[in-house]
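Written below as structure tokens is the structure these notes are about.
The values are calculated or read from the model by the stated rules, or taken from the named source; none is laboratory data. Values in this document were obtained by computation on a predicted structure and should not be read as measured data. Don't worry about glycine lacking a Cβ; one is built from the backbone with ideal geometry, like all the others, and counts go over all protein chains shown. Note: accessible area is taken over every heavy atom of the protein model, side chains too, but ligands, DNA and RNA are not part of it. Shrake-Rupley method; radii C 1.70, N 1.55, O 1.52, S 1.80 Å.
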Amino acid sequence: IGLGIPAEPLFRSSILSQQNSHRKLFVVYWTEPDHTMHEQGVNTQDVQQLLQNINDRIAEMSRQLKDTILIISADHGMLNNEMVMLNDYPDVCALLQRPPTLENRFVNFFIKDGKSAEFSKLFEKYFSKDFVLFSKEELLASGILGSGKPHPFVNEALGEFQAIAITKRSLHYTTGER
């Protein structure tokens, strides 16, 4: 499971940690069920079987562990969504300085100089039922990205606007190149 590495050695490496007196932290990533969910959707029989298999293996492994804490978490949520092609809105795309970044349900926009008000108005017109649009300043002030002092790269990485999905829709954009 995951990264082409069979699950058994990953489980054994965790079990070995109890054989010495030093505390250890193991971070293990599985590519499943994420990979299959992206291809097939959330509610397929293959996904259910993958989840059951992972659950069974973790249960088996946990019975063999002593003095161990397991923290199991997803790297993101998953739901079936409807793709909206941003390319189908040439008036919006004409205002982009470069292709959107981040993620299809949390989209980061870099806007051409002097076009922010026009972008905001068009985005509201086309997408406000499915996305909340934040200016960079609003997003940073909202606490959505966490509290504390932002990393210096955050200011560079964020464009003028970010859109966060509030329905099952996702924004996709293609340059025609890979």
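Tabulated results
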{"item": "Residue-normalised accessible area of segment 128-178, given per residue in Å² at a 1.4 Å probe", "result": "69"}
{"item": "Cleavage-rule hits (trypsin sites (Lys or Arg not before Pro)) in segment 105-175: DSSP loop, at most 15 neighbouring Cβ within 10 angstrom", "result": "112, 115, 129, 168"}
{"item": "Proximal charge balance of residue 52 [Cβ under 15 Å; K/R count +1, D/E count -1]", "result": "-3"}
{"item": "Cross-link pairs beyond the 30 Å C-alpha cut-off, checked among 125/149; 115/168; 121/168; 136/168", "result": "125/149"}
{"item": "Dipole magnitude of the chain about its Cα centre (Cβ charges: Lys, Arg +1; Asp, Glu -1), debye to nearest 20", "result": "460"}
{"item": "Dipole of segment 97-167, positive direction: furthest Cα of 140, 154, 116, with charges on the beta-carbon", "result": "116"}
{"item": "Choice from 28, 132, 84 with maximal GNM fluctuation in the chain (Cα, 10 Å cutoff)", "result": "28"}
{"item": "Dipole magnitude (debye, nearest 20) for segment 46-103, charges at Cβ of Lys, Arg, Asp, Glu", "result": "300"}
{"item": "Relative contact order (%) - segment 72-178, alpha-carbon pairs under 8 angstrom, separation at least six", "result": "42"}
{"item": "Residue-averaged [θ]222 nm for the chain, counting only DSSP H segments that reach four residues, each worth -39500 (n - 2.57)", "result": "-10500 deg cm²/dmol"}
{"item": "If the convex hull is drawn through the Cα atoms of segment 80-178, its volume per residue in Å³", "result": "116"}
{"item": "Distance in nm between pseudo-label sites at residue 27 and residue 102 (7 Å out along the Cβ direction from Cα)", "result": "2.1"}
